[in-house]
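This report refers to the structure that appears directly beneath it.
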Amino acid sequence: MINRRTLLLGTAGLAAGSVLTGCNRVPADGLKVTLLEGAIPSEVLQRFRQQVVSAASFQTRSQMQGIFQQLQRWQGPAEASAGWGRLLPWRQAQAGPILDNLVSLGDYWLTSAIAQNLIEPLSLTAEQRAPLPAQWQQFVTRDSSGQIASSDLLWAAPYKVQSLVIVYRQSVDSPSFETWRDLLAPSLSGMIALPNHPNLVIGLLQKMQTGSFNTSFDSSLTNRREATPELVSELSEQLSTPFAELNRQVRTYDSQTALKALVNEDLKAVVTWSGDVVTALQRYRSLRAVVPAEGSLLSADMWVRPKGASMSEAAQDWIDFCWQPEAATQISRAGAGLSPVFLADRFAGEDSAFPDALASNRLRPETMQNSELLLPLPESIQSAYVTLWQQLRRQAV
């Protein structure tokens, strides 16, 4: 998991009610969407049904991993009838699964979803894509292997962005956390928690060393199709020493219970996703969350289209609705995120139209200028990361 939902965003769930409906069929001109609990405020869902598409069915899941697994089941082989049921004529040719028009997926899962042929591109015109800043359109423009490419195939529609933050208890000896290297302060030795995921920790090491969470690999590395021992060794030469330095600070690699340990004063700082700390910050006034001025790592929740699903007019309307200023503001306020539409240049200037309702949002456009998304890695590098992560952890024991 990159744990924001295994990149899981485990925020409070929406109460079931008139806004959310189950797996019922919807009319041909209706809409069926699966979203993450707490990601979209109930008033946004209500207003969409009242003003745009009345026959809209929304259902939630608590984890992004569960949504990804649903995409896999939809594309898996149909279950055969068992026992005497297979002899019934109306059971011989079962209809395929009833697909949602759109589902929510984190950017961490996007490459795998494309490579496994679980989703297909969105049919959005240039005019319909216009609210999404160009750099974000570029990020979700991929080839069939899920790598960023120059094409006209937009595979996802981001609707909320979150970032890695440092959460700490305010005290006289708390570092200022102006940079990520402040995590190496002597006062934090053995007292921090990092996410239990190789991409995040290795990305953080790269940020400390090079100023970027993303490292450019030369073609001799990226062209290798397998994570050979030689490839792992080359990466290890770059990262083993900085990892040892960082690892001395770490008490636990934990994506689930680290905030509880921070509240109990068993830790002094935790690196986690901004959406996961909303409740803790409201409940415990001694806790602070900061995004270092040098920028952070971003993660985006996106709408994707299951393979074989209809890209109906209602589906296009839902994406457009989420990008409208009023709905985008409400979505941004739910879960300490920020709609990517507010990352357009016009929202970053002195005369910005940035909504007053988001004045206290840590992820303002100016803060995000130095931040970056974790770029998809070639399969060989990704596999080498996992092997390297395991080796580094063993060496540090």
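Coordinate-derived values only; no laboratory data. All values derive from a computational prediction rather than experimental measurement. No Cβ is skipped: glycine too gets one built from the backbone with ideal geometry, and neighbour counts run over all protein chains shown.
By its C-alpha gyration tensor, with a ≥ b ≥ c as the square roots of the eigenvalues, how is region 133-292 shaped: rounded for a/c under 1.5, else prolate for a/b larger than b/c, else oblate?
In terms of gyration-tensor shape, oblate.
Go through region 35-79 and name the GluC sites (Glu not before Pro) that are in a DSSP coil and have 11 or fewer other Cβ atoms within 10 Å of their Cβ.
When the GluC sites (Glu not before Pro) of region 35-79 are filtered for loop state and at most 11 Cβ neighbours within 10 Å, Glu79 remain.
Lysines near Lys307 by alpha-carbon distance under 18 Å, same-chain residues fewer than 8 away left out - which ones?
Straight-distance partners of Lys307: Lys32.
With a cap of 10 neighbouring Cβ atoms within 10 Å, and only residues DSSP puts in a loop, list the GluC sites (Glu not before Pro) found in region 283-367.
Sparse-neighbourhood loop GluC sites (Glu not before Pro): Glu350.
Fewest first, what order do Ile98, Ile331, Ile40 take by the number of other Cβ atoms within 10 Å?
Fewest-to-most ranking of Ile98, Ile331, Ile40: Ile98, Ile331, Ile40.
So which lysines pass the test for Lys207, namely a Cα distance under 28 Å, with those fewer than 8 places away in the same chain ruled out?
Correct list for Lys207: Lys160, Lys260, Lys268.
Once amide H atoms are built 1.01 Å from N in the peptide plane, which residues 5 or more positions from Leu363, or in another chain, come under 5 Å H to H?
none
Calculate one ³J(HN,Hα) per residue across region 175-189 by plugging θ = phi - 60° into the Karplus curve 6.51 cos²θ - 1.76 cosθ + 1.60, and present them in order as whole Hz with x for glycine and proline.
Taking θ as phi minus 60°, the curve returns x, 7, 6, 6, 9, 5, 5, 5, 5, 8, 4, x, 5, 9, 4 Hz for region 175-189.
Provide Thr179, Thr257 in ascending order of the number of other Cβ atoms located within 10 Å of each residue's Cβ, fewest first.
Least crowded to most crowded, the residues run Thr257, Thr179.
Under 5 Å between amide H atoms, partner at least 5 residues away or on a different chain: which partners does Thr272 have, H built in plane at 1.01 Å?
Val165, Val167
Report, by chain and number, residues whose modeled amide H sits under 5 Å from the one on Ser339, excluding near sequence neighbours (fewer than 5 apart, same chain).
The answer is Val161, Ser332.
Which distance in nm do the two modelled labels at Leu281 and Ser360 give, with both placed 7 Å along the Cα-to-Cβ direction?
0.9 nm
Residue by residue through region 278-288, which ³J(HN,Hα) values in whole Hz follow from phi under the Karplus form 6.51 cos²θ - 1.76 cosθ + 1.60 (θ = phi - 60°), with glycine and proline marked x?
4, 5, 4, 5, 6, 8, 10, 5, 7, 8, 10
Please report, in whole Å, how far the alpha carbons of region 241-397 spread along each principal axis, starting with the longest.
54, 44, 28
Where nothing but the Cβ of Lys and Arg (+1) and of Asp and Glu (-1) is charged, how large is the charge dipole of region 171-301 around its Cα centre, in debye to the nearest 20?
Charge dipole of region 171-301: 420 debye, to the nearest 20.
What list of ³J(HN,Hα) values in whole Hz, one per residue of region 104-109 in order, does the Karplus curve 6.51 cos²θ - 1.76 cosθ + 1.60 (θ = phi - 60°) give from phi, with Gly and Pro shown as x?
8, 8, x, 4, 4, 8
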